[in-house]
Amino acid sequence: MKNIWKNFIGNDNRRFVFSGVLYLIITALYIWFFVQYYHAGYVAFVYGTFNVVMTVGLILYKRWAPPNRAVYLSFLLVLNVFNVAVITELLGSGSMGYLTSPRLAVNLILYAFLYVIVFVLTNQVKVSIILVNGVCLCAGLANYFLMELRGTPFFFSDFFSISTALNLPDGSYTFPFSEKLVIMIVAYIVLTVHSFYVVDALGKQHCKIRLKFRWICVPIAALLVLGAVSTPVTDAVGARLDLTTHSTNGFLLNTALDIRNRLFRQPEGYSVQTAEEFAEKYSSSDSSVSEEKPNVIVIMDEAFADLRILGNYTTNRAVLPYVDGLTENTQSGFAYTSIFGGGTANSEYEFLFSDSLFAYSANEIPYQTTIREDMQVPSLVSTFNQLGYTTIYMHPYRSDCWNRETVNSVLGFDQQYYVDDYSDPTLLRGYISDQSCFDQIIEQLETKSSDERLFLYTVTVQNHGGYGVRTEDFNQQIYLSDCKGQYPRAEQYLSLMFETDKAVKNLVEYLKGIDEPTVLLFYGDHQGKVEKEFYEKVFGKSVSEWTAEERSRMFTTRFFIWANYDIPEQSNMNVSINYLSNLLMDAAGLPKSGYQNFLQQLYEKYPIICSLGVRTSSGKWYGLSGNTEVENELNQYRYFIYNRMYDNKNLLQNFFDVQPIAEESE
C-alpha cells in the first residue's frame, strides 16, 4: 500500500494532489464560513460533500483509469459550475434560498451554458474558466455593491444607468468593504487556480475537442437553455420576477427572466380592438369648473419617507413635526413605490403617466428603455397643456441623468430648469438643498403674469443616497435616543428628513399668504437605504423572515396634498404613486381623462399596485403572478399601458386626453 501511494505521488501527480488537498482545506474553511456568517448548515454540508467527492473521485480516476476527454472536461465543467454558482449567490445576495428547489437545476444549466459557449469559441479550457469566472466575479461584485447601497440587486436595466451613477458627486458613496467581500474574492481565485492545476495535471491535450464536436454542443446547450427559461418550466419551478426574487430565483435565472420579459412585452390577449372595447367603457369627465383654476405644484422629494412605518424607534427630537401637523385642507398618508433605494426616474414615470411598473420587467426604467424622441405620448403634462396651464419642470441636478431632457421634451413641458439655472444655492452634502429648490418655486409664482396658471413639477436632490458620509456643509440634528452613533446612515437620513420638513414649512406658510388658489402635492420617490441592522432592530426580526406585507413597508414614502382653499380632508391613506395624479386632479377640481376615470375604478378595488405586488381594498397582498383572478382583472391596465408605450401607432388618443373645460356662463 505504501508503494502504491508513493508511486501515485510521483512527480507527474504531485502538483495535482497538492492542489486537491489545498482545495479541500479551503473547502473546510468555507464550510465554517457558511455556518458562521449565514447559519447555512445545509448549504455547508452540500458544498463540502460535493467538493470532497469531486476531488477524491478525480484523484482516484486519474490513478487507475485511462485518460478520457469527456470525463476530464465534464469534471472541470461541473466543478466550476457548482462552485461559481454558490460563491456568486452568496457574494451578491447572501443566500441560496433556492438550493433545495428545482430552480437550482435551472441555474446550473445557465452557468454551464456560459462555459460551453466560451469553450466552443476558444477550445481553451483555461481561457474559458478565467473568462467565465471573471465575469461571474464582476456580476457578484455588482450585486454586492448594489445590495449594500440601494437594497436591490443588479438588473439588465442597470446597464442604461451607468452614466447616471458616474455623474454623482465625488464622495457621495463609499465602497462597502467587508470581510465577506475578501473571503468571496479569495474563493474565486482559489477555484480558478485549482482548476488550472487540474488542467496541467490531466494534460492540455486531453482537454480539447475537435471543432465539429464543439459546434454540436451549441444547439444542444441552446435548446437546454431555451427550455430552462421557457414559461412552462419557470412556472413549474415556481420562478417569478420582482425586485426581491434574486435570492429565491438565483442570479442567472433572475437575469434570464428579466431579459425574457423585455423581449416579449405584448400582454397575452392584447389587440387594438380589445383595448378599444375596454376604453369605450370610460369617458373623459367634462364637468364644468365653477371656481378659478388653481396653480398646481407637485414636488417629488428625493427619498422623502417616514421610517416609523417600519417599526418603533425614538429620536432626540421629532423628525417631521410640521408635516405631521398638516391636517387642515390636507389629504395625507403613505405612497407605495415600485423602487427602493434608487431609480428616481421610475417614480417620475409612474406619477406623470399614471402607469404602474408592475407591467414592466423588474427594475426597468422606461425613461431610458422605452420613451424615444419621435414619440408622441399623452401624459399628465399634456393634460395641463390642454387645460391652458404653463407647464414647468425643475430639477436641481444634471439634465442628462435618466435621459430627462429628452423625455421632458417628449412630455411637452413648456420650460425646463436644471442645476445651472439655480443661482447661488445652499448646498447640503454637496447637493442643492430643498430650501433653495423651494425658493425657486416661489420665484416662479412671483414672476408669472396674473392671468397665468402654473403646473410646476419639481424633483429635488437634497436627500440623495450615500448616507453616513460626513461633510462640512451638513449639521446633523437627529440622533437615535437609545443607540446614538450605532447607525450613522439611519441618523443622517433622518436628519435630512428633518431639513426637508423645515423647508416644507417655509413653502406652505408662504402659499398660505398668497391670494391665488394653489394646490400642492408633495411625495417621496422612494425610501432611502440605510443599515440592514437598523431595519432588523426596528422590525424585531431578521430581514429574511419578513412577510410580503412587512417587506412592502420598505417601498413606502410619505405624501400629502394641501391647498390654500377648502378641500376634503383625509389622513392615513394608503395609495400607490400611479394613483396620485387622480387624487391631485380631484383636489384641484380639474377634469380627468377616460384613462384616469378607469384608474379611479381600479383604485377602489386595488389601491396599491406596484412592482412588488398588489394590495386589495381589504388589505390583502398578492404577488404579481400566481393568482389568476387578480391577473385577469389587471389585464385591462396592462393593455392600456402597452397601447400607449409600445403600440403608439394605434394610440387610443381620445381615451388618454381630457375634454376641454366647459366654461360656466355668467
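The values are calculated or read from the model by the stated rules, or taken from the named source; none is laboratory data. Please read these numbers as outputs of a predicted model, since none were measured by experiment. Cβ placement follows ideal geometry from the backbone for every residue including glycine, while neighbour counts extend to all protein chains displayed. Just the protein is used for accessible areas: all its heavy atoms, side chains included, with ligands, DNA and RNA removed. Shrake-Rupley method; radii C 1.70, N 1.55, O 1.52, S 1.80 Å.
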Report task. Hey, could you check region 574-586 for residues that are outside any strand (DSSP E or B) and open to solvent by 10 Å² or more (accessible area, probe 1.4 Å) and say which is farthest from Lys605 (Cα to Cα)? Result -> Asp586
Query raised in the report: Are any of the residues in region 313-332 at pLDDT 90 or above, assigned to a loop (DSSP other than H, G, I, E, B) and closer than 27 Å to Val106 by Cβ?
Result: no
Requested in this report: Return the only residue of Ser338, Ser347 being of a type in the set (Ser, Thr, Tyr), part of a loop (DSSP other than H, G, I, E, B), touching a residue at least 24 places away in the same chain (Cβ under 8 Å) and under 29 Å from Glu531 (Cβ atoms).
Outcome: Ser338
Query raised in the report: Scanning region 518-548 for residues that are part of a loop (DSSP other than H, G, I, E, B) and β-branched (Val, Ile, Thr), which turns out farthest from Leu456 (Cα to Cα)?
Result: Thr547
Requested in this report: Looking only at region 373-384, decide whether some residue is open to solvent by 30 Å² or more (accessible area, probe 1.4 Å), over 16 Å from Leu456 (Cα atoms) and not polar (S, T, N, Q).
Outcome: yes
Query raised in the report: Among the numbered criteria (1) outside any helix (DSSP H, G or I); (2) open to solvent by 10 Å² or more (accessible area, probe 1.4 Å); (3) over 27 Å from Glu148 (Cα atoms), which single criterion is violated by Asp355?
Result: (2)
Report summary line: Checked region 529-568 for anything of a type in the set (D, E, K, R) and touching a strand residue (DSSP E or B) at 6+ places or on another chain (Cβ under 7 Å); matches are Glu549, Arg558
Report task. Filter region 551-561 down to the residues that are touching a helix residue (DSSP H, G or I) at 6+ places or on another chain (Cβ under 6 Å) and of a type outside the set (S, T, N, Q), then identify the one that is surrounded by the most Cβ atoms within 10 Å (Cβ to Cβ). Result -> Ile561
Query raised in the report: Which condition does Ser571 not pass, out of (1) at pLDDT below 90; (2) under 17 Å from Ile309 (Cβ atoms); (3) open to solvent by 60 Å² or more (accessible area, probe 1.4 Å); (4) small (Gly, Ala, Ser), if it passes all the others?
Result: (1)
**Report entry** Considering residues of region 352-376 that are modelled with pLDDT of 90 or more and not polar (S, T, N, Q) only, the residue nearest to the chain's Cα centre (by Cα)
**Finding:** Leu357
Query raised in the report: Give me the pairs: first residue in region 436-452 and closer than 15 Å to Ala503 by Cβ, second residue open to solvent by 30 Å² or more (accessible area, probe 1.4 Å) and outside any helix (DSSP H, G or I), beta-carbon distance under 7 Å, and six or more apart or on different chains, which are they?
Result: Ser436/Pro425; Ser436/Thr426
Query raised in the report: How many residues does region 424-435 contain that are in contact with an Asp or Glu (Cβ under 9 Å, 6 or more places away or on another chain), open to solvent by 10 Å² or more (accessible area, probe 1.4 Å) and either part of a loop (DSSP other than H, G, I, E, B) or closer than 22 Å to Glu348 by Cβ (or both)?
Result: 6
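Residues are listed down the side, and each one gets a yes or a no for (1) open to solvent by less than 30 Å² (accessible area, probe 1.4 Å); (2) touching a Phe, Trp or Tyr at 6+ places or on another chain (Cβ under 8 Å); (3) more than 27 Å from Phe474 (Cα to Cα):
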| site | (1), (2), (3) |
| --- | --- |
| Asn403 | no, yes, yes |
| Ser409 | no, no, yes |
| Gln415 | no, yes, yes |
| Tyr422 | yes, no, no |
| Ser449 | no, no, yes |
| Tyr457 | yes, yes, no |
Query raised in the report: Can we say Ser338 is within 30 Å of Pro591 (Cβ to Cβ), modelled with pLDDT of 90 or more and open to solvent by less than 10 Å² (accessible area, probe 1.4 Å)?
Result: yes
Report summary line: Checked against (1) part of a helix (DSSP H, G or I); (2) at pLDDT 95 or above, Arg551 satisfies every condition except (2)
Query raised in the report: What number of residues within region 358-372 satisfy the criterion of being open to solvent by 20 Å² or more (accessible area, probe 1.4 Å) and aliphatic (A, V, I, L, M)?
Result: 1
Query raised in the report: From Val519, Val530, Val543, Val459, which residue is of a type outside the set (S, T, N, Q) and free of Cβ contacts under 8 Å to residues at least 60 places away in the same chain?
Result: Val543
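Quickly run through region 514-533 and pick out the residues that are within 17 Å of Leu454 (Cβ to Cβ) and not β-branched (Val, Ile, Thr).
First pass over region 514-533, keeping only residues within 17 Å of Leu454 (Cβ to Cβ): 514-522.
Correct list: Asp515, Glu516, Pro517, Leu520, Leu521, Phe522.
Listed here are the residues, each with its yes/no results for (1) aliphatic (A, V, I, L, M); (2) assigned to a loop (DSSP other than H, G, I, E, B); (3) under 25 Å from the mean Cα position of the chain (by Cα).
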position: Cys437; (1), (2), (3): no, no, no
position: Asp473; (1), (2), (3): no, yes, no
position: Tyr493; (1), (2), (3): no, no, yes
position: Asn506; (1), (2), (3): no, no, no
position: Glu516; (1), (2), (3): no, yes, no
Query raised in the report: Taking region 362-395 on its own, how many of its residues are touching a residue at least 12 places away in the same chain (Cβ under 8 Å) and assigned to a loop (DSSP other than H, G, I, E, B)?
Result: 17
Query raised in the report: Given the conditions (1) out of contact with any strand residue (DSSP E or B) (no Cβ under 9 Å at 6 or more places or on another chain); (2) modelled with pLDDT under 85; (3) in a helix (DSSP H, G or I); (4) among the β-branched types (Val, Ile, Thr), and given that Ile641 satisfies all but one, which numbered condition is not satisfied?
Result: (2)
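Output the residue which, of all residues in region 475-491 that are assigned to a loop (DSSP other than H, G, I, E, B) and touching a Phe, Trp or Tyr at 6+ places or on another chain (Cβ under 6 Å), is surrounded by the fewest Cβ atoms within 10 Å (Cβ to Cβ).
Gln477
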